[in-house]
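The values are calculated or read from the model by the stated rules, or taken from the named source; none is laboratory data. These numbers were taken from a predicted model, which means no experiment stands behind them. Don't worry about glycine lacking a Cβ; one is built from the backbone with ideal geometry, like all the others, and counts go over all protein chains shown.
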Amino acid sequence: MSITISNDCDEQEFFNSVRINGLLEHNIKKTNGKLKIPNIEFSYIARNEKGVIVGGVSGSTYLSSLEIEVLWVQEAYRGQNIASRLLEVVEHQAIAAGCQIAHLTTYSFQAPLFYQKQGYVICGEVDGFPDDIRLYTLKKQL
């Protein structure tokens, strides 16, 4: 048997073969199908009075958990509870769907203090980045 390693595939081929038919199928088997519960993908945006997007949040739910993948608010609009409102919307949606925990990662130069004010606690830390930057994993019981 000869195996070659290359980057000769398109994004869809990788997605279908590796992520869906490979890792996802394995994970579903190992979690007795619970991986896909409740299986919600979400994205919400905040717009100003002119309809311009000034922030947004996206993520997904699985294993009865909520994963926040992106939460961002334009700098000029920070301090107006927009991020808190976006986070609250997805947390309530996750609770209604049966999620018990929320989790996310953020760098030390991003928003760990914001998340802590929202009830999240640091449960993991990766150091070794330049300029003493750290990557935090945070969680919150819903």
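Collect the residues in the stretch 89-138 that are of a type outside the set (A, V, I, L, M, F, W, C) and farther than 28 Å from Leu35 by Cβ, keeping them in residue-number order.
Ser108, Gln116, Lys117, Asp127, Gly128, Pro130, Asp131, Asp132, Arg134
Considering only the stretch 63-76, state which residues are surrounded by 14 or more Cβ atoms within 10 Å (Cβ to Cβ) and more than 20 Å from Leu142 (Cα to Cα).
First, the residues of the stretch 63-76 that are surrounded by 14 or more Cβ atoms within 10 Å (Cβ to Cβ): 63-68, 71-74.
Selection gives Trp72, Val73, Gln74.
Working only within the stretch 32-58, note down all residues that are touching a strand residue (DSSP E or B) at 6+ places or on another chain (Cβ under 8 Å), over 15 Å from Ser84 (Cα atoms) and surrounded by 12 or more Cβ atoms within 10 Å (Cβ to Cβ).
Within the stretch 32-58, Leu35, Lys36, Ile37, Pro38, Ile40, Phe42, Asn48 meet the criteria.
Every residue in the stretch 74-127 that is among the basic types (Lys, Arg) and farther than 19 Å from Ile53 by Cβ, please.
Result: Lys117, single match.
Does the stretch 77-105 hold any residues that are surrounded by fewer than 16 Cβ atoms within 10 Å (Cβ to Cβ) and either under 11 Å from Tyr44 (Cα atoms) or of a type in the set (Asp, Glu) (or both), and which are they?
Correct list: Arg85, Glu88, Val89.
Take Pro112 and decide whether it is within 25 Å of Val126 (Cβ to Cβ) and either at pLDDT 95 or above or touching a Cys at 6+ places or on another chain (Cβ under 8 Å) (or both).
On the way: within 25 Å of Val126 (Cβ to Cβ): yes; either at pLDDT 95 or above or touching a Cys at 6+ places or on another chain (Cβ under 8 Å) (or both): yes.
Yes, satisfied.
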